[in-house]
1. Take the stretch 149-167 and flag every residue that is assigned to a helix (DSSP H, G or I) and surrounded by fewer than 13 Cβ atoms within 10 Å (Cβ to Cβ).
2. If we scan the stretch 118-136, do we find a residue that is aromatic (Phe, Trp, Tyr), closer than 30 Å to Ser72 by Cβ and outside the structural domain of Leu75 (by TED's automatic domain parsing)?
3. I need the full set of residues from the stretch 125-144 which are part of a loop (DSSP other than H, G, I, E, B) and either within 15 Å of Leu159 (Cβ to Cβ) or among the basic types (Lys, Arg) (or both), in order please.
4. Identify all residues within the stretch 36-67 that are loosely packed, with under 12 Cβ neighbours inside 10 Å and either closer than 11 Å to Thr16 by Cα or small (Gly, Ala, Ser) (or both); write none if there are none.
5. Among the residues of the stretch 55-106, write down those that are farther than 29 Å from Trp164 by Cα and not in a helix (DSSP H, G or I).
6. I want to confirm something. Restricting to the stretch 117-148 and keeping residues that are under 27 Å from Glu105 (Cβ atoms) and surrounded by 12 or more Cβ atoms within 10 Å (Cβ to Cβ), which single residue is farthest from the chain's Cα centre (by Cα)?
Amino acid sequence: MENMDTRSLLRTTMSTESALLHMRSLVSEIHPVNITPEHKMAYRVLEQTIHPSEDLLLENNRPFANLYVHCSIQLANRLNVNIDNPILQKELHRIIDQPFHIGVEQLAINMNDRLRNNLLESTGYPNQKHPQMLTIKERDEIFSNLKNSLALTGNRDVLMGNPWRVQEVDNGIRSSIKKILAWNQNN
């Protein structure tokens, strides 16, 4: 079995593209081919690309691995469980298996709700109190603050609409994911 230095050397000395071109030239040759060290290297590069070892697979997908660990920590804390609890694994797989657009829609809803809550909080509205429990003076003050706040167009849009459109959030998420997928461990 090859050590990590050899695999690292294979990946840096010949790209997958050049290995494929080299192997293609061998296939199209009419004459018998003598196998050279370059042929063996091309084959190993292709083999590691197509069937990477578990270590290499994890290393090449480090951003996903890091996000998975981070989500595991957050879910374990929220669910008050350890990593060996099946509930944690089921929840992680539910998240991974859900359609992409569902997560994007949930994120957009969450961002819009947070903006609305922050706007109401800035007017003095007590989220922990039911409106009927407020005194008339408290209500008048909150409604006056809200009226002044809604005079600003941006605040009216926050309270009455959804300033974060799903398409806008989708574009931002896709852009971030593309940057992660283009990640190179040598950067």
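1. Of everything in the stretch 149-167, those that are assigned to a helix (DSSP H, G or I) and surrounded by fewer than 13 Cβ atoms within 10 Å (Cβ to Cβ) turn out to be Thr153, Gly154, Met160, Gln167.
2. no
3. Tyr125, Asn127, Lys129
4. Ile50
5. Asn61, Asn80, Val81, Asn82, Ile83, Asp84, Asn85
6. Top of the filtered list is Tyr125.
The values are calculated or read from the model by the stated rules, or taken from the named source; none is laboratory data. It should be emphasised that the depicted structure is a prediction, and the values quoted were computed from it without experimental measurement. Positions of Cβ are generated from backbone atoms using ideal geometry, with glycine treated the same way; all protein chains shown enter the neighbour counts.
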